[in-house]
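Enquirer: Following this message is one structure expressed as structure tokens.
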Amino acid sequence: QKEVEQNSGPLSVPEGAIASLNCTYSDRGSQSFFWYRQYSGKSPELIMFIYSNGDKEDGRFTAQLNKASQYVSLLIRDSQPSDSATYLCAVKLLNAGNMLTFGGGTRLMVKP
Amino acid sequence: DAGVTQSPTHLIKTRGQQVTLRCSPISGHKSVSWYQQVLGQGPQFIFQYYEKEERGRGNFPDRFSARQFPNYSSELNVNALLLGDSALYLCASSVGPGQGLGANEKLFFGSGTQLSVL
């Protein structure tokens, strides 16, 4: 079983819709959770990080964490074609330094 | 302010050769980490250095080594290259060592070095 799992997609949504990206993780000791966006041929860019159960909102992005279900998600409201990219979920154990464990990523396509 | 800078951007080597990749962190960042990203997969942790000391090592063979200099820049060395070492090598920096849950532990990635082993 992979430590961090994401549906590889592609997830296709129309422009203006809500895109919902999901991630599950296996290690219950995971404490920090990150969402990175990666455009083709580019490096990962940090979008959101979350530590506590519940929702965290930043502009059009909302991260949701449920530690009991070992589940983290990213919602993108009013999706734009420029949001088309691969979204990487990463988790980290407490005091694990910068050793993030990444999922394989979900490719999002926003169609005009 | 400049972000994380890596050099070279692209590199072509043959099997058995050795390669050195370089990274300069964001100004004020003292921690540098190295990740390998194979096409179609998420990045995989190789090393972390903080204040010139190794703070973590991923599941990579001893052919991979790294070091951090007094100015916090870093080098990743890979010896005896294999075809399977072909990947995007990413350097990431953070202010602190990555302990705890503070915003200073956010990790910022450079644009990477694309290594092709023929």
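Enquirer: Which lysines have a Cα less than 24 Å from the Cα of B:LYS52, not counting those fewer than 8 places away in the same chain?
Expert: Once the sequence-local lysines are set aside, what remains near B:LYS52 is A:LYS92, B:LYS30, B:LYS106.
Enquirer: Give the peptides B:4-11, B:22-29 in descending order of average Cβ contacts within 10 Å, highest first.
Expert: By packing density, highest mean first, the sequence is B:22-29, B:4-11.
Enquirer: To make sure I understand the rule: partners must be lysines, Cα under 29 Å from the Cα of A:LYS111, and not fewer than 8 residues away in the same chain. Which ones qualify?
Expert: Once the sequence-local lysines are set aside, what remains near A:LYS111 is A:LYS42, A:LYS56.
Enquirer: At a 1.4 Å probe, what is the % contribution of carbon and sulfur to the accessible area of the protein assembly as shown?
Expert: 48
Enquirer: Could you list the trypsin sites (Lys or Arg not before Pro) in segment B:30-60 that lie in coil according to DSSP, counting only those with at most 15 other Cβ atoms within 10 Å of their Cβ?
Expert: Qualifying residues, ordered by number: B:LYS52.
Enquirer: Shielding of A:26-37 by partners, i.e. mean partner chain Cβ atoms within 10 Å per residue?
Expert: Whole-number average of other-chain Cβ neighbours for A:26-37 is 1.
Enquirer: Ranked highest first by the average count of other Cβ atoms within 10 Å around their residues, in what order do A:83-90, A:24-31 fall?
Expert: Most protected by this proxy first, the peptides run A:83-90, A:24-31.
Enquirer: Right, something else. Count, for each residue of B:45-55, the Cβ atoms from other chains sitting within 10 Å of its Cβ, then give me the mean as a whole number.
Expert: 2
Enquirer: Now for a separate question. Work out the mean other chain Cβ neighbour count within 10 Å for the residues of B:107-116 and drop it here as an integer.
Expert: The shielding value for this peptide is 3.
Enquirer: Packing-wise, with mean Cβ within 10 Å as the measure, how do A:101-107, A:5-11 rank, highest first?
Expert: A:101-107, A:5-11
Enquirer: Using alpha-carbon positions, what is the distance between the centroids of segment B:61-78 and segment A:54-112, in Å?
Expert: When both Cα centres are located, 30 Å separates them.
The values are calculated or read from the model by the stated rules, or taken from the named source; none is laboratory data. Every value quoted in this text rests on a predicted model; they were computed, and no experiment measured them. No Cβ is skipped: glycine too gets one built from the backbone with ideal geometry, and neighbour counts run over all protein chains shown. Heavy atoms of the whole protein, side chains included, go into the accessibility calculation; ligands, DNA and RNA do not. Shrake-Rupley method; radii C 1.70, N 1.55, O 1.52, S 1.80 Å.
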